[in-house]
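The values are calculated or read from the model by the stated rules, or taken from the named source; none is laboratory data. Everything numeric in this text was worked out from a predicted model, so none of it was measured. For neighbour counting, all protein chains shown are included, and Cβ atoms are generated from backbone atoms with ideal geometry for every residue, glycine included. Areas reflect the complete protein model, heavy atoms only, side chains present, ligands, DNA and RNA absent. Shrake-Rupley method; radii C 1.70, N 1.55, O 1.52, S 1.80 Å.
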Amino acid sequence: MKQETSRQRTGRIHILITGMALYLLMTAGCAHQGGAAPPVATVAAPAAMIVRPLAGEVADYVVGAGDLLEISVWKDPALTRQMVVLPDGTISFPLIGQFSAAGSTVAQLKAAMEKKLVRYIPEPDLSVIVQQVNSQVVYVIGKVNRPGHLPLNRRIDVLQALAMAGGLNVFANREDIRIFRKTADRTMVIPFNYQAVTEENRVAENIWLERGDVIVVK
């Protein structure tokens, strides 16, 4: 068998490329005339579904009992402290004493503490950083394989929480799961249909969980 020369090889590659180009043009023509299915569009997630970090220097993170805070005043090492927010929601800081922290955002806590410190330090430059999130917990009870509490060190939705709890057991009602959420003045009950979300793609019902949510699987 004669060995293929470089000129013959180049010619063969050119023919293959030309044939592929003609095929692609014909395919595009068919699609334009309705002969092929339209491409699937990618839809951006709603703004409310975008995952954001839960701690660090995020100004709108709401501090809770058990969180580990690092609080410091610029150029004053004596006023640098790491402290855990107590169960009653308070912390103790030099010059200020006992101070309520839970329920305030990082920005609100920073502003309130600076207002207290200004009596002793002119124009204090305070830094408040959440070093560790311990107050972010949700609970899963009922007919799951591992009921209990789950840490929210990142944002999770209902399906993720159920997976972390070992999934539903064989006796669970897949169509009647409820999320109990406490607000300032009432407790909301949010229905969740596992069957519909997983098999009918009703993904809008797979909501993000919030601190203190209780998932009840019947």
(request) Within segment 160-190, count every residue that is open to solvent by 80 Å² or more (accessible area, probe 1.4 Å) and closer than 21 Å to residue 64 by Cα. (result) 4
(request) For residue 157, state whether it is among the acidic types (Asp, Glu), within 17 Å of residue 194 (Cβ to Cβ) and surrounded by fewer than 19 Cβ atoms within 10 Å (Cβ to Cβ). (result) yes
(request) Inspect all residues belonging to segment 60-81 and state whether any of them is under 30 Å from residue 206 (Cα atoms), loosely packed, with under 14 Cβ neighbours inside 10 Å and modelled with pLDDT under 95. (result) yes
(request) Give me the pairs, please: first residue somewhere in segment 151-171 and closer than 17 Å to residue 137 by Cα, second residue anywhere and acidic (Asp, Glu) and open to solvent by 70 Å² or more (accessible area, probe 1.4 Å), beta-carbon distance under 6 Å, and either six or more positions apart or on two chains. (result) none
(request) Report those strands (runs of 3 or more DSSP E) wholly inside segment 151-218 carrying at least 3 residues which are among the β-branched types (Val, Ile, Thr). (result) 187-192, 214-217
(message) Of all residues being of a type in the set (A, V, I, L, M, F, W, C) and without any contact (Cβ under 8 Å) to a residue 24 or more places away in the chain in segment 191-218, which is least open to solvent (accessible area, probe 1.4 Å)? Just the residue, please.
(response) 196
(request) Quickly run through segment 177-209 and pick out the residues that are within 25 Å of residue 103 (Cα to Cα) and not aliphatic (A, V, I, L, M). (result) 180, 181, 182, 183, 185, 186, 187, 208
(request) Name every residue in segment 126-145 that is more than 20 Å from residue 210 (Cα to Cα) and over 21 Å from the mean Cα position of the chain (by Cα), in order of residue number. (result) 126, 127, 128, 143, 145
(request) Would you point out the residue of segment 168-202, among those that are under 21 Å from the mean Cα position of the chain (by Cα) and of a type in the set (Lys, Arg), that is nearest to residue 215 (Cα to Cα)? (result) 178
(message) Tell me which strands (runs of 3 or more DSSP E) are completely within segment 92-150 and hold 2 or more residues being touching a residue at least 12 places away in the same chain (Cβ under 8 Å) and buried (at least 16 other Cβ atoms within 10 Å of the Cβ), or say none if there are none.
(response) 126-132, 137-142
